[in-house]
1. Only residues in region 116-131 that are among the polar types (S, T, N, Q) count as the first member; pair them with residues that are in a strand (DSSP E or B), Cβ under 7 angstrom, at least 6 apart or cross-chain, and list the lot.
2. Considering only residues of region 111-158 that are of a type outside the set (A, V, I, L, M, F, W, C) and in contact with a His (Cβ under 8 Å, 6 or more places away or on another chain), which is surrounded by the most Cβ atoms within 10 Å (Cβ to Cβ)?
3. Can you tell me which residues in region 221-247 are of a type in the set (Val, Ile, Thr) and under 11 Å from the mean Cα position of the chain (by Cα)?
4. Restricting to region 91-110, what's the tally of residues that are crowded, with 16+ Cβ neighbours inside 10 Å and touching a strand residue (DSSP E or B) at 6+ places or on another chain (Cβ under 7 Å)?
5. Only one of these conditions is not met by Asn249: (1) of a type outside the set (D, E, K, R); (2) closer than 17 Å to Ala91 by Cα; (3) surrounded by fewer than 24 Cβ atoms within 10 Å (Cβ to Cβ). Which number is it?
Amino acid sequence: MAWQGVERRPDGSPEWAGAGTGAAGEPLAEGGVAIAAESVPGQRAATTRHGEVILDLQHISLSFGGVKALTDISFDVREHEIRAIIGPNGAGKSSMLNVINGVYHPQQGRIVFRGEERRKMNPTAAARQGIARTFQNIALFKGMTVLDNIMTGRNTRFRSGLLANALWWGPARNEEIVHRRKVEEVIDFLEIQSIRKTPVGRLPYGLQKRVELARALAAEPSLLLLDEPMAGMNVEEKQDMCRFILDVNQQFGTTIVLIEHDMGVVMDISDRVVVLDYGKKIGDGTPEQVKSNPEVIRAYLGASH
């Protein structure tokens, strides 16, 4: 079961993408994506300070009828880190994100966010507590402009009532001006000023993914969940997205949980990686520890080396 980004050397051992270097000596991710030197986990550790555990998942099990999506999975996420979740298709990665932000409720286990156990969390409550996410399949309003799509990310922060907002009167008008200013800051940060008035449905795929990231950032999350943010992108688009993810983490201090199939990207930008296979955890640790784990290698390559 070979996975994109993992190849075999002549001796049969796995060759992880991202091991090469670019023209300026930067590590290369899968497909030749050059990542800046500061994105290498070992070098980021020297400049990035990780705080206490912000999210603790304990013995999570999730079933749909007789199908077990997740079985007894435990791991934690520390403040300000980039925590990757990897695994073959069907491993339970997206199900785990859905558990974290309240779309699914596990039959067993505990979820502790910022020291408080969460029971029957729903996505709206999760958003109000500072958890935002993007989706594997783009979930934007195609007929609305980029600006209006990103404004929807501020919904949980509006305090004025429906009538006041409909009339755009008094405090509601002032409140919208404040939210619009924040959205413009996100637009500038992600370098999408030129398309701010363009309907999202007219944009190429890579820019739509960036708009979805912008909508999540507009909520000013403390925990950002990214479900395959680089899926389907070309090399240049992946390089840009890697840069934005690192900037969000380093400049804003946002904690990120990332699902990604590009092994080169994962190994280059992640602080820690948890590996799932058939709904079970088979590895957890730094990128170096994970890529040398025999059980992880067997899961991806179908044989040990």
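Just so you know, all these numbers are worked out from the coordinates, no wet-lab data involved. Only a predicted model underlies this, so the values are computations on that prediction, with no experimental measurement involved. As a convention, Cβ positions derive from the backbone with ideal geometry for all residues, glycine included, and neighbour counts pool all protein chains shown.
1. Partner pairs satisfying both residue conditions: Gln129/Phe113.
2. By that ranking, first place goes to Arg154.
3. Ile245
4. Counting residues in region 91-110 that are crowded, with 16+ Cβ neighbours inside 10 Å and touching a strand residue (DSSP E or B) at 6+ places or on another chain (Cβ under 7 Å) gives 13.
5. Failed condition: (2).
Listed here are the residues, each with its yes/no results for (1) without any contact (Cβ under 8 Å) to a residue 40 or more places away in the chain; (2) surrounded by fewer than 22 Cβ atoms within 10 Å (Cβ to Cβ); (3) on the phi < 0 side of the Ramachandran plot; (4) not small (Gly, Ala, Ser).
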| residue | (1), (2), (3), (4) |
| --- | --- |
| Leu207 | yes, yes, yes, yes |
| Leu217 | no, no, yes, yes |
| Pro221 | no, no, yes, yes |
| Glu228 | no, yes, no, yes |
| Val235 | no, yes, yes, yes |
| Ile259 | no, no, yes, yes |
| Met263 | no, no, yes, yes |
